[in-house]
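One structure is given here, and the rest of the page talks about it.
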Amino acid sequence: MNSISLKLVLAAAALILLSAIAGCSKPAVEPAAANPALATPVPPGMVRGTVLETMDSGGYTYAFLDTGQDQRWVAALQTPVAVGDVIQTDAGMIMTDFTSNTLDRTFDIVYFVGGLQNLSGASEPAPQAAAGGMPAGHPDISGEAAPAPTATGIEAYEEGKDIAYVYANKEELAGNEITLRGKVVKYNPGILGWNFVHIQDGSGDAAAGDNDLIVTTKAETAVGNTVLLTGNIVLDKDFGAGYSYPVLLEDASITTD
C-alpha cells in the first residue's frame, strides 16, 4: 500500500471514530421532544426562563432568569433549582430596592412569585406561597392588617360621601372618579411602582372592614397628614402573591389639607 492510500485509510478511520464519539455524547441541553413542557407555549400571565444564578436564604430561593426577552430576579419559597434549569412562574409582584437581610444584599428589582415550577425534571413540586407570604423585610400592603382606627372627626369633602359611603355603594361607584378627605394612617412607598396609602375618616366600623380605604398613588405623603384624594374606585384588584383588595382608590392625586 502506497503512502497516499495509507493516509486515506487513516483519515477514514478517524472520521468513523469521531462519528461514533459524537453519537454517544449526551446533548448539553435537553431537547423539547424529551420534555414536552419545554415545547409548549408560555401560558398567559406566566414567565419562563433559564436560571443563570441562584441562591437559597431565609427559606426562600432567589433565581436570576434569562427569559429571552429580559433578565430578572425572582424569589419564592425555597425550591430545588440549579443553574441551567428552565423554570416557569407567575409574573409576580415587583419590589424595587429590596434588601434581603439574610443575604445582606439589595436587589434593584426582584419579583416575588407564588412558586417556581422546574421544567427540567425536578421531582419535587414547587412550594406555593401563602397569601401575603413574603420574606422578612417585605412591607405589608395587605388589607387584612389595616391599622387600628385613629382618625375621628374628619369632615367629608362632599357631605355624606365618606369612606363608609364608598364601601356601601361600591358597585355603583366602580369605575367612577371620587374625591375623599381622610387621614393617612399607613404609608408604604415604592411597591409595584406605586405608593400604597391607608386612609380613615372616622366613618365605618373596623369589625365590618369598612373604615379603612387603601389608595394607590404616585404622590408622596406621610402618616398623620389629612389629605384630599381624587381617584377612580376599582373593585377586586389583584396584584398577585396573595395581595388583593375588594375596594381600592386607584391612581389618586393627593393634596395635603
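Details
- The peptide list 196-203, 46-53, 87-94, put in order of mean Cβ contacts within 10 Å with the highest first, becomes 196-203, 87-94, 46-53.
- Phi to ³J(HN,Hα) by Karplus 6.51 cos²θ - 1.76 cosθ + 1.60 over segment 175-188, Hz, x for Gly, Pro: x, 9, 7, 8, 10, 10, 10, x, 9, 6, 10, 7, 8, 10
- Stretch gain in nm, segment Lys170-Ser57, where the contour uses 0.36 nm per residue and the Cα spacing is subtracted: 36.5 nm
- Taking 16 Å as the straight-line reach from the Cα of Lys161, the aspartates and glutamates in range (excluding those fewer than 8 positions away in the same chain) are Glu171, Glu172, Glu177, Asp201, Asp205, Asp210, Asp212.
- Length released on extending from Ala206 to Ile94, taking residue separation times 0.36 nm less the Cα-Cα span: 37.4 nm
- Accessible surface of segment 67-108 [probe 1.4 Å, protein heavy atoms]: carbon and sulfur percent: 43 percent
- Per atom type, segment 163-252 shows carbon and sulfur on 43% of its accessible surface, probed at 1.4 Å.
- The local environment of Lys183, defined by Cβ-Cβ distances under 13 Å, has a net charge of -3 under the rule Lys, Arg +1 and Asp, Glu -1.
The values are calculated or read from the model by the stated rules, or taken from the named source; none is laboratory data. These numbers come from a predicted model, not from an experiment. When we count neighbours, we look across all protein chains shown, and the Cβ atoms used for this are built from the backbone with ideal geometry, even at glycine. Surface accessibility is based on the protein's heavy atoms, side chains included, excluding ligands, DNA and RNA. Shrake-Rupley method; radii C 1.70, N 1.55, O 1.52, S 1.80 Å.
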